[in-house]
Structure formats: C-alpha cells, structure tokens
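The values are calculated or read from the model by the stated rules, or taken from the named source; none is laboratory data. Predicted model, so just to flag it, every value in this text is computed and none were measured. Cβ atoms come from the backbone with ideal geometry, glycine included; neighbour counts cover every protein chain shown. Protein only, heavy atoms only, side chains kept; ligands, DNA and RNA dropped before computing areas. Shrake-Rupley method; radii C 1.70, N 1.55, O 1.52, S 1.80 Å.
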Amino acid sequence: MKQSLLLDGPKFEITLKRLCQQLIENHGDFSDTVIIGVQPRGPYMANRLRQEIKTISGADVQTGALDITFHRDDFRMKGSSPLQASRTDIEFLVDDKVVVFVDDVLWTGRTIRSAMDAIQTFGRPKKIELMVLVDRRFSRQLPIEPDYIGIQVDSIDAQKVIVSWKETDQEDSIVLITEEK
C-alpha cells in the first residue's frame, strides 16, 4: 500500500481559513445562512469553520450535524450487518435559509444527494450550497458539484482519500492511499 500525503499541518489550517474567507465574502453576517456537517466526518469541519468564522468576523453561524444513513440509495445493500446511524443535531429550522452542506470528501455525489433528501425534515431551504475539503473530481456518479473546494484530487476508484482530524485522529492531514498489486 502506497500513501501520498496531500495536505497537513499549516497548509491544512490555511485551506480551512481560505474556505472561511470565501464563506464570509458570500454570506456576510450569516443571518440567513446555516452550516450543516454531513455525518460522519463533516461535523468536524463544520465546527472548525464555525470557530474560525467567529474569530475572523465575529459572526456566530448556526451549525448542525445531519445523519443521512436511512436516506442513502444503497443502505439496503450494505450486507447483512445492521447499519450504524450517526446522530443528527439540528436545533433550528432551515426554512428560507441558505444551507451550506459541509463534508470532508466528495466522491460519487450520492452522500450529498441523500443529504438533500434528509434536510427536508427541517424545512425548505432557500438555497443549498456545498463545501468540501477534498473534491475527487473524476469519480462522480451524479451531477453534483461543490461551490467551495479545499483541494481537488484526480484519483481512480481503487484509491482512497483519508482525511484525519485532530479531534479524533490527533492530527490534521489528507492522505491518498493506493493499493499495490
């Protein structure tokens, strides 16, 4: 197995700060905007964005976490083991709000399609935007494209992109893993 480090340490932090600056530029005081981290890894990024936005602009953006397990189109195909759902934590309505979905890696687009279905439980957004830390550009199965991108990675389906977060993995990094044959 070959590992290629794509991003870590200061470059990881700079990438998150750049994404925050783009959000601030487009959403101002965030009075009509909410950030929703798509489970399981998106909430780490959403919380970091919230903290950084507050530091930079003083805005306290509403942030939540959305579980999409039972909205997936493939959840019945995951084998015989029971599904492990994550927690949804959204304590506000999204009616007439701009919802910014946040996820660590955009690959096929199916997770985001499921998130668009799941968010309807919390109201009808005025608009939905997508922010990803890593965009695996050439792997899309659905016509879903991010509005905000940390880095783009040209990878094949056999490769994996692993994002590590300080909160759970003791470091911030993005690694491309290639199985050797």
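What the table below lists for this structure:
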{"read-out": "Within segment 161-173, tally of residues that are assigned to a loop (DSSP other than H, G, I, E, B), touching a Gly at 6+ places or on another chain (Cβ under 9 Å) and open to solvent by less than 90 Å² (accessible area, probe 1.4 Å)", "value": "1"}
{"read-out": "All strands (runs of 3 or more DSSP E) inside segment 1-95 with 2 or more residues being open to solvent by less than 60 Å² (accessible area, probe 1.4 Å) and either farther than 21 Å from residue 124 by Cα or at pLDDT below 95 (or both)", "value": "2-8"}
{"read-out": "Members of segment 128-174 found to be out of contact with any strand residue (DSSP E or B) (no Cβ under 6 Å at 6 or more places or on another chain), small (Gly, Ala, Ser) and either within 22 Å of residue 118 (Cα to Cα) or touching a residue at least 24 places away in the same chain (Cβ under 8 Å) (or both), listed by number", "value": "139"}
{"read-out": "Boolean, residue 177 is of a type in the set (Val, Ile, Thr) and either more than 18 Å from the chain's Cα centre (by Cα) or surrounded by fewer than 16 Cβ atoms within 10 Å (Cβ to Cβ) (or both)", "value": "yes"}
{"read-out": "Residue within segment 99-108 that is open to solvent by less than 60 Å² (accessible area, probe 1.4 Å), in contact with a helix residue (DSSP H, G or I) (Cβ under 7 Å, 6 or more places away or on another chain), free of Cβ contacts under 8 Å to residues at least 24 places away in the same chain and not in a loop (DSSP other than H, G, I, E, B) present", "value": "no"}
{"read-out": "Members of segment 125-160 found to be more than 29 Å from residue 21 (Cβ to Cβ), in a loop (DSSP other than H, G, I, E, B) and either open to solvent by 40 Å² or more (accessible area, probe 1.4 Å) or touching a Phe, Trp or Tyr at 6+ places or on another chain (Cβ under 6 Å) (or both), listed by number", "value": "141, 156, 157, 158"}
{"read-out": "Selection within segment 109-123 - in contact with a Lys or Arg (Cβ under 6 Å, 6 or more places away or on another chain) and either open to solvent by 40 Å² or more (accessible area, probe 1.4 Å) or on the phi < 0 side of the Ramachandran plot (or both)", "value": "114"}
